[in-house]
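In what follows, a structure is listed as structure tokens, so that the remarks can point back to it.
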Amino acid sequence: MGLTIHQIKTNPRYSKTFQWAKLIAITSGTQVLVQIAGLIGGILIIRLIPVQEYAYYTIANAMLGTMTILSDGGISTGVMAQGGKVWQNREKLGVVLSTGLDLRKRFAAVSFLIFTPALLYLLLHQGASWLTSIVIVLALIPAFFANLSDSLLEVVPKLHQDIKSLQVNQFVVSVGRLILTCLMIGAFPMTAIALLANGLPRIYGNVKLKVLANKFALLDAAPGTQERKAILETTKKILPVAIFYSFSSQITIWLLSIFSDTSSVADMGALSRLTLFTSFISVLLSHLVFPRFARIPAERIKYIAIFFSTIQGLLISLCFVITGITWAFSPLLLKVLGTAYTNLSHELILSIFSACVALLASCAGSLLNSRGWIINPFIVIAINIISFIVSVFLFNFSHLTGVLYYNILMNSIFYVFILVYAAYKFSNLNKNPN
């Protein structure tokens, strides 16, 4: 007779598989809805606001990403690493979280002061008026404010694998963003309104995240001296890379904003809307894989099997599938963006492939970071600088294709280096747990 559902769930041979299947089903199912809501909202923005306004919107979002990276500076990685050691102790986990939040507020203030003038410059350079530029900066504040705590608050339920509650919160935020986009952009097709529609629901989501985190961590706990020292040790290793990455992660938008026109910037922003497959995978990994990788015992054979054979093997195969599907259906995908973007078939394939390579590099790096294995930041910076110098002679940065080729080259080199570094770290582990 076949096994019943109850027998499968209680059988030690199958219970772990059943648990993983349940987690993946919950996370992937909700993320499909979240990504669909995000795609619909993004397409509405693309179709409803003028190309020039969408260029401003793309620049502002790129700068938001840059400010977010710098305001974190490795703090979330430090919180994950330290939280993984005390995740079953509510009070100690609360101290780790409070310490991370306190540090991030300080980093955020510096980030905002540095990048606000840069955002104003790029907007003015692309033809925006002073009034429009200032309004866009002000409209960006709610989303930036939400970024100060959401990634840190999510660490707590991720460590406890309370995935369902996290997914419900993300779904509510995405639906709220879609509703506000429909209501506000239709009446006021402006960059500032689109930014507000994105930022306001995230503030609501953060309030709910605090309630969720409070179940497992004492949020009223005071920041700890030892925890601050440990997190800052991680931050010192990551911050130089974060500073550099705050520029390089949005390098395509930066280069196009400086060397090209609003049309190319808008094209890049529109194509990025179709890279949701990689965003979907990244969310699954951050919820299900990275926290578990942070918790497993330091066994060399297990690390090698999970890191290389399982995770990297599956991701590389999946990236080839995504790129192939994009190549086959590129005309149909571009029709979704509207008539202004239907001539970008080659650029779309390059954009998707670039996003896939970036996903591979980001995933590999995040896995190592979750264990506190931080690559020497100056090596990372050197790799990126060399990639940029080589690309200056190979590619034309005034064209979208040239910028995309550069992005692919840079991420490919970095990914290979991470794999080599991972092999080095694994080779130094004992076969038995430390």
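Rule-based calculations on the coordinates, nothing more; no lab input. Being a predicted model, the structure only gives us computed values, none of them experimental. With ideal geometry, Cβ positions are generated from the backbone for all residues, glycine too; neighbour counts draw on all protein chains shown.
Before moving on, here are some points about what is shown:
- Of K210/K237; K208/K236; K164/K236; K158/K210; K85/K425, those spanning more than 24 Å from alpha-carbon to alpha-carbon: K210/K237; K208/K236; K164/K236
- Multiplying the residue separation of V420 and K164 by 0.36 nm and removing their Cα-Cα distance gives an extension gain of 88.6 nm.
- Charged neighbours of S165, selected by a Cβ distance under 13 Å, balance to +3 (K, R count +1; D, E count -1).
- When the helices of the chain are scored as -39500 (n - 2.57) per DSSP H run of n ≥ 4 and the total is divided over every residue, the value at 222 nm lands at -27000 deg cm²/dmol.
- For segment 65-168, averaging the sequence separation of C-alpha pairs within contact (under 8 Å, six or more residues apart) and dividing by the residue count gives a relative contact order of 40 percent.
- Backbone phi angles across segment 121-134, fed through the Karplus curve with coefficients 6.51, -1.76 and 1.60 (θ = phi - 60°), yield HN-Hα couplings of 4, 5, 5, 5, 5, 8, x, 6, 7, 4, 4, 4, 5, 5 Hz in residue order; Gly and Pro are listed as x.
- Tilt relative to the chain, helix 191-213 - C-alpha long axis, 0 to 90 degrees, to 10: 10 degrees
- Surrounding net charge for G372, when Lys and Arg each add one and Asp and Glu each subtract one, Cβ distance under 12 Å: +3
- Taking the chain, the Cys residues with no second Cys beta-carbon under 4.7 angstrom are C182, C363.
- Net charge dipole, the chain: roughly 1580 debye, given to the nearest 20, about the Cα centre with Cβ charges of +1 for Lys and Arg and -1 for Asp and Glu.
- With the charge dipole of the chain set up from +1 on Lys and Arg Cβ and -1 on Asp and Glu Cβ about the Cα centre, the Cα lying farthest toward the positive end among the listed residues I385, L44, I375 is that of I375.
- With both labels modelled 7 Å from their Cα along Cα-to-Cβ, the R90 to I381 distance reads 4.4 nm.
- Relative contact order [Cα under 8 Å, 6+ residues apart], the chain, whole percent: 23 percent
- Here the residues V156, V96, V321, ranked from fewest to most Cβ neighbours within 10 Å of their Cβ, fall in the order V321, V156, V96.
- As a rough footprinting exposure proxy, the listed residues T310, T132 were ranked by other beta carbons within 10 Å of their own, and the order from fewest upward is T310, T132.
- Hydrodynamic radius of the chain per Kirkwood, over alpha carbon pairs, in Å: 22.7 Å
- With Cα atoms, 0 to 90° folded angle of helix 313-337 axis to the chain main axis: 30 degrees
- Acute angle (nearest 10 degrees) that the helix 12-48 long axis makes with the longest principal axis of the chain, alpha-carbon atoms: 10 degrees
- Exposure proxy shown here: for R47, R177, R273, the number of other Cβ atoms within 10 Å sets the order, fewest to most, as R47, R273, R177.
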